[in-house]
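See below for the structure under consideration.
Where a number appears in this text, it was derived from the coordinates with a stated rule and is not lab data. As the structure is a computational prediction, the values presented were derived from the model and not from experiment. Please note: Cβ atoms are built from the backbone with ideal geometry, for glycine as well, and neighbour counts cover all protein chains shown.
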Amino acid sequence: MREIKLKIAVQKSGRLSEDSIELLKKCGVKFNNGLQGKLRATAENFPLEIFFLRDDDIPEYVADGVSDIGIVGENVVFESGGAVETIEKLDFGKCRLSLAVPKNFPYQALADFGGKRVATSYPNILSKFFRANGVNADIHTISGSVEIAPGIGLADAICDLVSSGSTLFTNGLREVETVMQSEAVLIAHKKLDLEAEKILEKLLFRIKAVKQAKRNKYILLNAPDEKLQEIIALLPGIKSPTVMPLAAGGWSSVHSVINENDFWEIVETLKNKGAQGILVLSIDQMID
Ligand code: PRT
Ligand code: ZN
């Protein structure tokens, strides 16, 4: 009998490609990348078949069931009308879809877009947003280089993806409203068959472990015994930190897991409390 495989669509080449492939590899899935014009790969050690596609096509392939699941920006999912299930946010490809106006535009409120020409590659999301806010603007759909539209007289304002803001800045534009926040998400076909569902569950378990690991660091340090309790109090760990006596008397080795966001703050406090030889390691997978 042929082995059932889960089919996943990822972006072939673009901003999400590298992170999507790295995520699957960290989930222990081995395959050849979609470079050199390859459109499809079969994993060696997991029942997964990978399709490399343009990001805009991914929601439709998943909605139609040509692919069971996919990794794509939420912005693309929303624009496509969302006939798919969003399963999990993936913590990469973060950006926002924003409205921006030329620097000399005396912008005060959303109503200022009334009667204006707004260029965007996201006409569906934008018209919904304007409708919800009672704005009657003239949306011009263009497929790329949206940021140059005001400069060449094609539009009065734009609605485009922003991450650092430098593209807007270089084009003399000012971000004035956020339409939506976005990041890469795992989407799935609405009616997966049972076998595909089972494989998805297995993959999702691994994805969650990789996501959690990315948010945490493993920390090892030496603590003087008289400060041990204070130092332990700073390090929650998964249950509680591991403490082992060092061969040299009066010192202990402490191992724990800390959140990436509090990381520098905690390290500074540990140092001030007398911790020495602090090592911080990244974690590949983490399962509570
Ligand atoms: O060829 P294909 O159709 O597959 O790719 P694409 O060119 O349509 O998409 P790509 O690779 O540019 O982006 C894929 C996804 O990455 C998007 O759908 C978003 O979900 C996500 N993403 C995250 C971004 C950005 N950040 C981003 N900054 N997509 C595009 N940009 C562009 C933006 O359009 C603007 O031109 O980057 C510029 C702004 O960047 P800053 O840093 O100057 O603000
Ligand atoms: Zn695209």
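Helix 17-26 and the longest principal axis of the Cα set of the chain meet at an angle near 30°. Placing unit charges on the Cβ atoms of the charged side chains and taking the dipole of the chain about its Cα centre, the candidate lying farthest along the positive direction among 92, 24, 185 is 24. Round to a whole angstrom and tell me the spacing of the C-alpha centers of segment 181-258 and segment 83-116. Cα centroid to Cα centroid, the span is 34 Å. If only the Cβ of Lys and Arg carry +1 and only the Cβ of Asp and Glu carry -1, the dipole of segment 157-234 around its Cα centre is close to 260 debye. Amide H to amide H, with H built 1.01 Å from N, residue 257 comes under 5 Å of 219, 237, 238, counting only residues 5 or more places away or on other chains. Each listed q (0.11, 0.18, 0.25 Å⁻¹) maps to a log10 I(q)/I(0) for segment 136-227, found by the Debye formula over equal Cα scatterers with no solvent: -0.68, -0.91, -1.34.
Shape class of segment 219-288 from the alpha-carbon gyration tensor: prolate, with a/c at 1.5 or above and a/b greater than b/c.
Distance from the Cα centroid of segment 153-175 to that of segment 13-29 is 29 Å (rounded to whole angstrom). Relative to the longest principal Cα axis of the chain, at what angle does helix 194-214 sit, 0 to 90 degrees, rounded to 10? So the inclination is approximately 70 degrees.
Can you sort 131, 96, 40 by how many other beta carbons sit within 10 Å, fewest first?
If I rank by nearby Cβ atoms, fewest first, I get 131, 40, 96.
Inverting the mean 1/r over all pairs of different Cα atoms, compute the Kirkwood radius of the chain and quote it in Å. Radius from the Kirkwood sum: 22.2 Å. Taking amide H as placed 1.01 Å from N in the peptide plane, the amide H of residue 177 sits under 5 Å from that of 99, each at least 5 places away or on another chain. Computed 3J(HN,Hα) for segment 153-160, one whole-Hz value per residue from the Karplus formula 6.51 cos²θ - 1.76 cosθ + 1.60 where θ = phi - 60°, is x, 7, 7, 8, 7, 9, 9, 8, glycine and proline marked x. Is the C-alpha gyration tensor of segment 1-124 telling us rounded, prolate or oblate? Criteria: a/c under 1.5 is rounded; beyond that, a/b larger than b/c is prolate, otherwise oblate. Prolate is the answer for segment 1-124, as a/c is 1.5 or above and a/b outweighs b/c. Annotation: peptides 182-193, 136-147, ranked by per-residue average of other Cβ atoms within 10 Å with the highest first, follow the order 182-193, 136-147. Ordering 159, 27 by the number of other Cβ atoms within 10 Å of each residue's own Cβ, fewest first, gives 27, 159. Basic side chains Lys and Arg get +1 at the Cβ, acidic Asp and Glu get -1 at the Cβ, and with that the dipole of the chain about its Cα centre reaches some 300 debye. Judged by the gyration tensor of its Cα atoms, with axes a ≥ b ≥ c, segment 161-288 is oblate; a/c meets the 1.5 cut and b/c is at least as large as a/b. Ranking 173, 282, 115 by Cα position along the charge dipole of the chain, where only Lys, Arg, Asp and Glu carry charges on their C-beta atoms, puts 282 farthest toward the positive end. The string of couplings for segment 57-74 from the Karplus curve (6.51, -1.76, 1.60, θ = phi - 60°) is 8, 4, x, 5, 4, 6, 4, 7, x, 5, 10, 6, 9, x, 10, 7, x, 4 Hz, one whole number per residue in order, with x for Gly and Pro. Couplings 3J(HN,Hα) of segment 164-179, computed from phi: 7, x, 5, 4, 4, 4, 4, 9, x, 10, 10, 6, 10, 9, 9, 8 Hz, in residue order, whole Hz [Karplus 6.51 cos²θ - 1.76 cosθ + 1.60, θ = phi - 60°; x for Gly and Pro].
Among DSSP beta bridges whose residues both lie in the chain, state the antiparallel percentage, nearest 5.
Values: 43 of 58 bridges.
So the antiparallel bridges in the chain amount to around 75 percent.
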